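The values are calculated or read from the model by the stated rules, or taken from the named source; none is laboratory data. Everything quoted here is computed from the prediction, not taken from an experiment. Methodologically, a virtual Cβ is constructed for each residue, glycine included, from the backbone with ideal geometry; neighbour enumeration extends over all protein chains shown.
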Amino acid sequence: MGISFSNEDDGYSKGFEEFRKEAPGNGIPWMESLRGEGIRKFTELGFPTPENEDWRFTNVAPIARTTFTIEKNGHKQVSPEALNRFIFPKLRTIRLVFIDGTYSLGLSDLSDVPEGVKVLSLASALDSEEGLVKKYLSKYADFSEEAFTALNTAFMQDGGFVYIPRGTRLREPVHLLYITGKSDRATITNPRNLIVVEDNCEAEVVEHYVSIDEGVYFSNVVTELVVGENSSVGHYMIECESMKAFNVSTLRVEQGRSSNIRSHSVLLGGALVRNNVHPVIAGEGCDSLINGLFMSTGRQHMDNYMKVEHASPHCDSRQFYNGVLDGRSRGVFHGRIIVHKDAQKTDAKQTNRNLLLSDNAQIDTKPQLEIYADDVKCTHGATIGQMDENAIFYLRSRGIDEDTAREILLGAFTSGTLESIQVDEIRNYCEMLVAEWFARRKGGTELDNDPR
Amino acid sequence: MLEIRNLHVSIADQEIIKGLNLKVKAGEVHSIMGPNGSGKSTLAQVLAGRASYVVTEGEIIFEGKDLLELAPEERACEGIFMAFQYPVEIPGVANTYLLREALNSIRKYRGLEPLKHVEFARLAKEKMGIMGMADNLLKRSVNEGFSGGEKKKNEIFQMQILEPKLAILDETDSGLDIDALKVVADGVNALRSPERAFVIITHYQRLLDYIVPDFVHVLVDGRILKSGGKELAFELEDRGYGWVEEEARKAVNN
């Protein structure tokens, strides 16, 4: 069972008409009108084409021409053993699990949610916390020009709702785990996460996208993260989906005064992945660290789109993105830094380093500075290269064989972006994923899929 | 220990070494001197196994084995060590990690068990002391942000740990102040033994005040034109290289 639609004959609008009747929040007027605006905007905008400057290097035609199905009550069984692979060893977390976009009570673990803190599925929050949801939902992730965000706003099913009240130090990270299961049809999910961290808080939130089957599906994610004054939040995006999956994710962060965020993206899976990270540094004296590691092989396409908006004075932002590209994969790094007129004393730095492991891999890297203030420091740099043969020779001249030398250098390159992950268990988990990637590569598993 | 016979080496089709002969016995210290561009560093790189240098003729025998058949790592495992003229910076790889990997790789090649962490730490600490290096250099990335002197000391420190049979020092003394030079020389002298040989490539006689060579060879335009004892180094310092070339030219004409 499910609702299927394609991009032909106004299929998305028709699909929406069917979907909305049973959609979460149906019967809540503001939700209905929000969804209505979403589908209206999406219909107006349509899927972006490469003529759109923001999509110059990423052609989403494979998404546009696929017929997708929204699974209805598609509660597939995921055994606890299968779940184990996706859990951080030795780390207690507050965990929300979604299977094919639907909340799974059985696999979630909310036993450690402290009093006052709310961690629940967005669909239930629309029942029990409507006021809070209304106050924040869709107030940050603007969809007037963003087709995928508009699409998500129309079709949002469920997702994580996290509310951390003033003065809370959340000990255990929140783990939002999205599992897509086996299906003979291409499925679409529109996870929507709303994370509200009030003033003087500390929290870590992980978004984690995985699949237990190599199927075709599309995760169209929007996350709004609101960070109050003087709070410190770590956000992690771990993308390990099927090599045939499409994933378009947008993280929109709103930073209050003197807050600090650490955003880490680790992209390893998916056929076509677009990861938008868009912090708006709204308050004074903020720090933003936006880190990423993407590793692609086969015919994977990974697009990292950063839009860092400095809207207040005395804020520092740091972006470090490392890409490793193998096979015939293609990577994109688009790093936009916008410094608004009043954001004096901005200190923004952006670095993107790429390692091409194959002659057929390709990367497009595009820094873009838009500065409207006059007393700022903004730097960017990008490098594209093969592995440093001098360094390999140096290691070999010390007795280390060539394969090991290459592994050591690759490991150093990838660890360079992971080492700033403050939670050891999460960092170790990411290191393990990277090690598995290397092991697959060494084993010669060429993952040759072609979404185009 | 090492015998080089009629070695010809080209890089990008240009011949750099044009028939070089050299014999080094265990326990000996040989110094190779010569003007810029004479082929000194090329010789060092060829011995270490750099692939971009093409041997077009001749042979190199090390401990009875055909060195040119061996990969760089195999040469290291056989006991060859080159101190780089320009040590490479390797961000993200800790000095101590590189050394433990290298040492254990060499030990494995020789059928020895890997060194335990504690044993390695003890060895490293001892050798750091000899080289007067700060402890934190071990944890730092290989050569990254090191001063020129620190890089060169680090090369000799690596040599101390790996204890090669044949050490080739490629202009290790260049750019060092006198204090650093003494530390480097002490590091070399501490390893001198009847089983070990050194080939010291240098531009200046200065280093030889501290490391006294058994033989000095003058390399000009890809050939060794003159060999002698340590006195030859002083003569070169006084008179330069011109007279050696002149002498060689006369010898050919006669």
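Among all residue pairs at least 6 apart or on different chains, which show Cβ distances below 7 Å where the first residue, located in the range A:46-75, is on the phi < 0 side of the Ramachandran plot and the second is part of a helix (DSSP H, G or I) and buried (at least 20 other Cβ atoms within 10 Å of the Cβ)?
Cβ pairs passing all conditions: A:47/A:63; A:47/A:147; A:48/A:147; A:70/A:19.
With respect to residue A:415, determine if the residue is polar (S, T, N, Q), assigned to a helix (DSSP H, G or I) and within 29 Å of residue B:74 (Cα to Cα).
Criteria met by residue A:415.
Which one of A:114, A:89, A:62, A:24 is within 22 Å of the chain's Cα centre (by Cα) and assigned to a loop (DSSP other than H, G, I, E, B)?
Going through A:114, A:89, A:62, A:24 in turn, just one is within 22 Å of the chain's Cα centre (by Cα) and assigned to a loop (DSSP other than H, G, I, E, B): A:89.
Modelled with pLDDT of 90 or more and part of a loop (DSSP other than H, G, I, E, B), is that true of residue B:112?
Criteria met by residue B:112.
Of B:239, B:223, which residue is basic (Lys, Arg) and within 20 Å of residue B:58 (Cβ to Cβ)?
B:223
Residue by residue through the range B:70-97, note down the ones that are within 7 Å of chain A (Cβ to nearest Cβ), touching a residue at least 60 places away in the same chain (Cβ under 8 Å) and part of a helix (DSSP H, G or I).
The one that is within 7 Å of chain A (Cβ to nearest Cβ), touching a residue at least 60 places away in the same chain (Cβ under 8 Å) and part of a helix (DSSP H, G or I): B:76.
So, in the range B:128-153, of the ones that are out of contact with any helix residue (DSSP H, G or I) (no Cβ under 7 Å at 6 or more places or on another chain) and under 27 Å from residue B:38 (Cβ atoms), which residue ends up nearest to the other protein chains (Cβ to nearest Cβ)?
Of everything passing the filter in the range B:128-153, B:151 is nearest to the other protein chains (Cβ to nearest Cβ).
Testing residue A:266 on (1) touching a Leu at 6+ places or on another chain (Cβ under 6 Å); (2) surrounded by fewer than 23 Cβ atoms within 10 Å (Cβ to Cβ), one condition comes back false. Which one is that?
Unmet condition: (2).
Residue-wise test of (1) surrounded by fewer than 18 Cβ atoms within 10 Å (Cβ to Cβ); (2) free of Cβ contacts under 8 Å to residues at least 40 places away in the same chain; (3) of a type outside the set (Phe, Trp, Tyr).
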residue: B:110; (1), (2), (3): yes, yes, yes
residue: B:114; (1), (2), (3): yes, yes, yes
residue: B:153; (1), (2), (3): no, yes, yes
residue: B:166; (1), (2), (3): no, no, yes
residue: B:174; (1), (2), (3): yes, no, yes
residue: B:182; (1), (2), (3): yes, yes, yes
residue: B:191; (1), (2), (3): yes, yes, yes
residue: B:196; (1), (2), (3): no, no, yes
residue: B:212; (1), (2), (3): yes, no, yes
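Those residues that are more than 14 Å from chain A (Cβ to nearest Cβ) and in contact with a helix residue (DSSP H, G or I) (Cβ under 6 Å, 6 or more places away or on another chain), I need them from the range B:108-123; list them, please.
The answer is B:120, and nothing else.
Can you pull out the residues in the range A:288-300 that are surrounded by fewer than 24 Cβ atoms within 10 Å (Cβ to Cβ) and not small (Gly, Ala, Ser)?
A:289, A:291, A:297, A:299
Looking at A:368, A:422, which is the one that is assigned to a loop (DSSP other than H, G, I, E, B) and either modelled with pLDDT of 95 or more or polar (S, T, N, Q) (or both)?
A:422
Count, please, the residues in the range B:153-210 that happen to be assigned to a loop (DSSP other than H, G, I, E, B) and within 22 Å of residue B:142 (Cβ to Cβ).
The qualifying residues number 8.
Check residue B:14 against each of (1) surrounded by fewer than 16 Cβ atoms within 10 Å (Cβ to Cβ); (2) in contact with a strand residue (DSSP E or B) (Cβ under 7 Å, 6 or more places away or on another chain); (3) not β-branched (Val, Ile, Thr) and name the one condition it does not meet.
The failed condition is (2).
On the given criteria, is residue A:98 within 27 Å of residue A:212 (Cβ to Cβ) and buried (at least 19 other Cβ atoms within 10 Å of the Cβ)?
For residue A:98, the condition - within 27 Å of residue A:212 (Cβ to Cβ) and buried (at least 19 other Cβ atoms within 10 Å of the Cβ) - is met.
Any residue in the range A:232-247 that's closer than 13 Å to residue A:302 by Cα and among the charged types (D, E, K, R): show its pairings with residues that are at pLDDT below 95 and assigned to a strand (DSSP E or B) at Cβ separation under 6 Å, as long as the two are six or more apart or on different chains.
Once the first residue is closer than 13 Å to residue A:302 by Cα and among the charged types (D, E, K, R) and sits in the range A:232-247, its partners that are at pLDDT below 95 and assigned to a strand (DSSP E or B) give A:241/A:211.
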